Structures are given as C-alpha cells and as structure tokens.
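J.: What follows is a single structure, and I will ask about it in a moment.
The values are calculated or read from the model by the stated rules, or taken from the named source; none is laboratory data. None of the values given here were measured: they were computed from a predicted structure. All Cβ positions, even for glycine, are placed from backbone atoms using ideal geometry, and neighbour counts span all protein chains on display. Areas reflect the complete protein model, heavy atoms only, side chains present, ligands, DNA and RNA absent. Shrake-Rupley method; radii C 1.70, N 1.55, O 1.52, S 1.80 Å.
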Amino acid sequence: MKAGFQRILYGGDYNPNQWPREVWEEDMRYFKNAHINSATVNVFSWAKIQPAEEIYDFSELDDIVEMLDRENYDIVMATSTAAVPAWMVKRYPEVMRTDFEGRQHRFGGRHNACPNSPVYQKYMARLAEKLAERYGSNPRVTCWHVNNEYGGECYCENCARAFRVWLRRKYRTVEAVNEAWNMEFWGHTIYDWDEIVPPNLLGDGRSGDQTSFAGLSIDYRRFMSDSLLENFKAEKEQIRKYAPDTPVTTNLMGTFKGLDYFKWGKEMDIVSWDNYPSYNTPWSRVAMCHDLMRGIKDAPFMLMEQTPSQQNWQAYNSLKRPGQLRAQSYQTIAHGGDTIQYFQLRRSKGACEKFHGAVIAHVGNDNTRVFREVARLGAELEALGTQTIGSRNETQVGIVFDWDNYWGLEYTSGPSMDLKYVEQIERYYRFFYEKNFGVSMIPADADFSKYKIVAAPVLYMVKEGMKEALEQYVSQGGVLVLTYMSGIVDSSDNAYLGGYPGPLRSLAGVWVEETDALAPEQSNEAVFADGTTVSCDFLCDLMHLEGAEALAGYGSDFYAGMPVVTKNAFGKGRVYYVGSRLEESGLAKVLSMAAGDAGAAPVIPEQTGLEVTVRRAKDCLLYFVINFRDGEQPLPESLDGLPDLLTGCSARAGEPMKKFEVKILRKEMLN
Ligand code: GLA
Ligand code: ZN
C-alpha cells in the first residue's frame, strides 16, 4: 500500500454526469478558486456504465477522469455497486432485497441489492473488475471507494440458505444451534437445518427491533454484516488485481448499528466515514464518532462526506452558521482525519437530494457565503500541506465499543425499554471529552495495556477471553470502570448462571442480586462517603460487597443504604462499578477518582471550555484548540507562546477565542 496521501484531499462527491459539458468546465474554474484538489466520482452510475447486460460503456467516465487528470486532481474512484440498474431487476428479480416484513422489493431506492444473490455477486464483482482494469493503473486514482454506506438487511430465500451455511460453519450441529439459542424455550427445537428461518416479522423477529430469540437475531445480524463484508471483499479482490498499491475503502457511518465495523476495519486499507451532525447534535457526540472511526484501525481516517452547509434528510435542516464548517472540519482533523471531502460538489437539480448542500448551489456560481467559506478552508488546508497527515492521536483513555453488545443490549426484553447502547457509552465519553482527555474508542478484544484507564459501560455480553483479558489488564495496574447491565450473557445471549456480573464478579468484587428499573418520573440518590448526594435513575443495581468498598450508597427506597458505586482493588489495579445512572456531577466525581487512581491526565493541565486535542507528528505535538461554546473562551496558560500553524502568530495566554475559532498550535519535541 502507498504510504498515505501526499496532500489533504479536499473535494468530494462529484456527479458531472448529471450536467451538460459546459457546466463541467465551469466547475473546474470554480473549484480551482476553492483549492479543491480531489473528486469522488462514479458513486451511483451503474446504469450509465452498464446500460444492458452485455454492454459496458465507459466513455463518459473516461472524459471525466481525463478532465480531472488535466486539473491535477486526486481521484477517489467509486464502484457504483450501491444501486442496481433497472434492467437487472427486470431480468433477475432476485437481486432486490426482501424486507423485515417479508416483502420482496421491486425496483427502487438504493442499497437495494441482496448480498447473497448470485446474480448481484457476479455483476458487482465484474463491474469492479472492469473499472479496476481500466483505471487501476492511473496514478491519479489514489483511492478506491467500494459501494457506498453499506447497510440494511435482506430476508430472502437466498439469504436464508446462506444463513444456514454460515450457521453450519459456526455450530457444526443443529444440537449446538438449539443450545446456543435456547430453543427449548417455547418448544422451538429444530431437527434439521432447513427448519431455520430468518428472524424477520414472518419468523421470530418482532417489530421495533425486538425478537423472541435474541441468540438467533444476533446471529442474523452477524451474518448480515459478514454477507455485506463478503461483497466488499469480492470487489476489493478485483481492484487488487489491477491496483495492488492503492488503498481501498468504503464509507462508514459512525455508530451505525448494522455492521460490525471493527471486523470490517480488518479488511479495509483505510477507514473513511460520513459525518452529518444535525443542528442539535452535541460536539461531544461528533468527537466520539471521529474517535470511533479512528479506533476502527487505530489510525488516521478519511472524512469521505460532510455537507458544506445544509442537509436535506434531517428533521430540521439548519444552515451551518458562519465559521461552523471550518470549526467542524478542523475538529475532524483534530481527531484523526487526514482528508476533508464533501457531499457534494454541485447540488443536484432533481430528486430527493436537491435541497442537499453543495459547494456550488443552484444559483450556479461562486458568489455565495458557502462557497466563500469552502474556499477559505481550502486555502488554509493547502497551506497546511502535509503537516498534519499521518500524525497519531495521543490518548490515555480507552472506551470499549462493541457491536455484539450493541445488538445484544438492544434486543433485551427488559429491564427498561430505554436501554440504548450508544447513549450509555456517550455519557462516559462526554466526561473525558469535556475534561480534554484524549480518548480512543476500542474493540472488546483491544490491547487494554495501551491505556491507563479503560471504561466498558454496559458490558452486557462478555465474550470468550474477555474476562481473562480484563483481569490481566487490571492486575497489572490498569483501572477499569464497569456499570450496571454488565456480565449478564455470553456470546449467544444466554445468561451466565451463578450471579451477576457473571465472569466479572470477582474482578468487580460485587454480587448484583437484582436490578430495579425506574420509570422516567422516578429517581433515587447516591450518597457518597463525604456526604455529597447526587440523583440517580434509570436502573438501580442492588448489590452486595464481595471485597469491594462502597463509595456511595442509595439514599431511598427499600434498598436505601445498599452500595450503588463501588471500588475494588484487584492485583495492582482498581475496578470501579457504577450501579445506576448517576447525574452528570456524580459521574464526574467517580470518573475523576478513577482517572486519579490511573494517573491519567488531560492533554493540558487547565480546565477550559475549549476543545483541545493532540496529534503527535514526527518532531512535534499539534494542539488543536477549538471553541464550540457560545461565549468567548480564554486561551489556557500552558499553550502560551506556541505558534499557530493557521496564522503563523504565537498564541497568547488569556487571549479570547470566539465561537468556532480554531488554532493549531505546534509544540516542538526534543527528539
Ligand atoms: C450519504 C450518501 C450520499 C448522500 C448523502 C446525503 O452519506 O453516501 O450519497 O446521499 O448521504 O447526506
Ligand atoms: Zn437476500
């Protein structure tokens, strides 16, 4: 693989095929003024380049590539396989998906192909091959973008058959399947592989993402994620034949539920993702998604898409405020982004995305606020050159994010319908974010020893090997934070018998006997040893100490006085167990103690309302300082005197930073 990009790719999805040729030339002139240096082409052009089963026609794409080549662009070549052409569906209806309700779709939409349709598999691989054969050796094609935002499910007969094969490989015998899914329950015992049907509404699935057999439904999610991943691999294999050194990616979607991105990351050369916060998305959530996307390969990533200003598909598509695009883009780079790309370069004139923001709006020229903001950012990124590319984020905190847990936790029937995985993780992330600790989002099988503190909120499913890995980590001095809804099931969603939190019981030094679920209008209190009292709600573990010490006990109800927050010494390390949802100040108190025990520190010593993130380059640290708050924020003392890569001026302690202002401060390293 080539070693990274030679510049910050600045560009995005470009569909000149939707426009007459005069417009192409005009685009090139405008884009030059915006310092755009890259375009992602051919994302949805299958029907154009294969207008009939035996006909491939690359003439228009050739012209586009030639034009971009003349203009010295980096081309991100997409493969167009995310929406099948109408002729294919007419001839081979099986390529369309069957949905959760059991309806086989006719033509329409996108992300519409059944991943297990042999016809789809044949034609998507063939298309990737033809594209790679034609453009693979073109030095301008510096990245391959397979398909687009993989996701969704299919429940057709081809998928049912493939699922049985997948299960056979995993379990070998039907007895093992019955055991894994606990099929004795409701007498669902199967005696033959053919008796297994996909868990949609016609089977064991229930509406609203519920299921009668979570083991089955979790396996189906694993299988679907794997099926789509096989599609990705099949295209990648074709591309490799002709472009062995060019990175191959597909655009991911942050905390998207459908795919096990950590598994996907192993097959991707570089992660890319699409960042679409809405008007009320907290910046901490955006930061967490970036950290997760960086975490997938523990490496810098591409920002494949963001809108220059407006959305079209959200409930309320507010404009990006002046300066917001710039701040959001630098936040991306701060958290590991090595490219800034838009959806899209020119706004479509029709169909459902005609209101989606673009570099060139419907007015058709560069005389717009959005264009000017895009151009200013482009000039800055060009001036930054390669200074940020490839640098690594500095982190001491690891937060476990695990798709099996995501699926398992949200399939549970009980104890509360409000159990949402990402929300739970985000509460823990937010504390570290607000204090400016560097955070890595890590998989369940991460090397924990890289982090001073590891938080594994709602670790409902403890998979094979995890107990040992966590015990090893803590015994060597690591600090681990656990919460309610942990250690409940194994990887098949069967409860660990013998008391919660199952395999984590001796590590946490507590036994959780029961868990109370509180309705939104109910709450309890956590009373700390120093008298501090904070409210807690949602779920309340009723636990007994088995070696741990109580840091706080419940304030009311029949379990008043029972421990709610505990700390256990295990080997050289410590384990915190948080048995209820603490109000923010209470959680901050616990996590501050844990960070203190771990000797973990924020990236700067001062408390500040600014977002400060650090990337380590070869001979320096880069401090990305951004103000996302409404009021001005003074620059912290410890950053005094450092040169700002964006202005060339030195930062002054106390100097006010306005909302959306950004600095990239460079601190030389001695070696
Ligand atoms: C996604 C898709 C794009 C486009 C944008 C609109 O990210 O990949 O094709 O539809 O959404 O926001
Ligand atoms: Zn299918």
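J.: Working out 0.36 nm times the residue gap between H362 and E382, then minus their Cα-Cα distance, what length gain in nm do you get to one decimal?
T.: 4.5 nm
J.: For the pair W193/Q522, report the inter-label distance in nm, with labels modelled 7 Å from Cα in the Cβ direction.
T.: Result for the modelled spin labels: 4.8 nm.
J.: When the Karplus curve 6.51 cos²θ - 1.76 cosθ + 1.60 is applied with θ = phi - 60°, which whole-Hz ³J(HN,Hα) does each residue of region 335-342 get, with x for Gly and Pro?
T.: Working through the residues one at a time gives 8, x, x, 10, 9, 10, 10, 10 Hz.
J.: With θ set to phi - 60°, apply the Karplus curve 6.51 cos²θ - 1.76 cosθ + 1.60 along region 47-52 and write out the HN-Hα couplings as whole Hz, x wherever there is a Gly or Pro.
T.: Coupling constants for region 47-52: 5, 7, 8, 9, x, 8 Hz.
J.: For the chain, report the convex hull volume of the alpha-carbon atoms normalised per residue, in Å³, without decimals.
T.: So the per-residue Cα hull volume is 165 Å³.
J.: Hey, got a sec? Which GluC sites (Glu not before Pro) in region 4-70 land in a DSSP loop and have at most 13 other Cβ atoms within 10 Å?
T.: Qualifying residues, ordered by number: E53, E54.
J.: How do D194, D644 rank by accessible surface area computed with a 1.4 Å probe, from largest to smallest?
T.: The residues order as D194, D644, largest area first.
J.: Can you compute the FRET efficiency between E468 and E22 using 1/(1 + (r/R0)^6), with r the Cβ-Cβ distance and R0 = 45 Å? Round to the nearest 0.05.
T.: E(calc), rounded to 0.05, equals 0.10.
J.: Quick one: if the Förster radius is 35 Å, what FRET efficiency do A560 and A495 give, using the C-beta to C-beta distance and rounding to 0.05?
T.: The formula returns an efficiency of 0.80 here.
J.: List the residues whose amide H sits under 5 Å from the amide H of Y342, counting only those 5 or more places along or on another chain, with H placed 1.01 Å from N in the peptide plane.
T.: G11, G12, D13, Q306
J.: What distance in nm separates the simple spin-label points at A315 and D640, each placed 7 Å from Cα in the Cβ direction?
T.: About 4.7 nm, to one decimal.
J.: Let me ask you something else. Taking amide H atoms as placed 1.01 Å from N in the peptide plane, list the residues 5 or more away in sequence, or in a different chain, whose amide H sits under 5 Å from that of D493.
T.: Hits under the 5 Å cutoff: none.
J.: Multiply the residue separation of A601 and E353 by 0.36 nm, subtract the distance between their alpha-carbon atoms, and state the gained length in nm to one decimal.
T.: Here the answer is 84.8 nm.
J.: Quick one: compute the contact order of the chain, relative version, from alpha carbon pairs under 8 angstrom and 6+ residues apart, as a percent.
T.: 10 percent
J.: List the trypsin sites (Lys or Arg not before Pro) in region 410-509 that DSSP assigns to loop (not H, G, I, E or B) and whose Cβ has at most 14 other Cβ atoms within 10 Å. Which are they?
T.: Here the trypsin sites (Lys or Arg not before Pro) that fit, given the DSSP loop and packing criteria, are K420.
J.: Right, something else. Can you give the relative contact order of region 558-657 as a percent, counting alpha carbon pairs under 8 Å and 6+ residues apart?
T.: 15 percent
J.: Relative contact order for region 373-485 using alpha-carbon pairs under 8 Å, separation at least 6, rounded to a whole percent?
T.: Relative contact order comes out at 32 percent.
J.: Net charge around L591, counting only other residues with Cβ within less than 14 Å of its Cβ (Lys, Arg = +1; Asp, Glu = -1)?
T.: In short, +3.
J.: How would D630, D204, D27 rank on accessible area, largest to smallest, probe 1.4 Å?
T.: Listed by decreasing accessible area, they come as D630, D204, D27.
J.: Extending each Cα 7 Å along its Cβ direction at I55 and D447, get the distance between those two points in nm, one decimal.
T.: 5.5 nm
J.: Another question about this same structure. Per-residue accessible area for S329 at 1.4 Å probe radius, Å² rounded to 10?
T.: 0 Å²
J.: Search the structure for amide H atoms under 5 Å from the amide H of I399, placed 1.01 Å from N in the peptide plane, and list their residues when 5 or more places away or on another chain.
T.: When sequence neighbours closer than 5 places are left aside, the close amide H contacts are S440, M441, I442, A455.
J.: To continue, here is another question. In region 631-668, which GluC sites (Glu not before Pro) fall in coil by DSSP and have 16 or fewer other Cβ atoms within 10 Å?
T.: Taking region 631-668 and a limit of 16 other Cβ atoms within 10 Å, the loop GluC sites (Glu not before Pro) found are E632.
J.: From largest accessible area down, sort W313, W273; use a 1.4 Å probe on the protein chains.
T.: W313, W273
J.: For E549, what accessible area in Å² do you get when you roll a 1.4 Å probe over the heavy atoms of the protein chains, rounding to the nearest 10?
T.: Accessible area of E549: about 100 Å².
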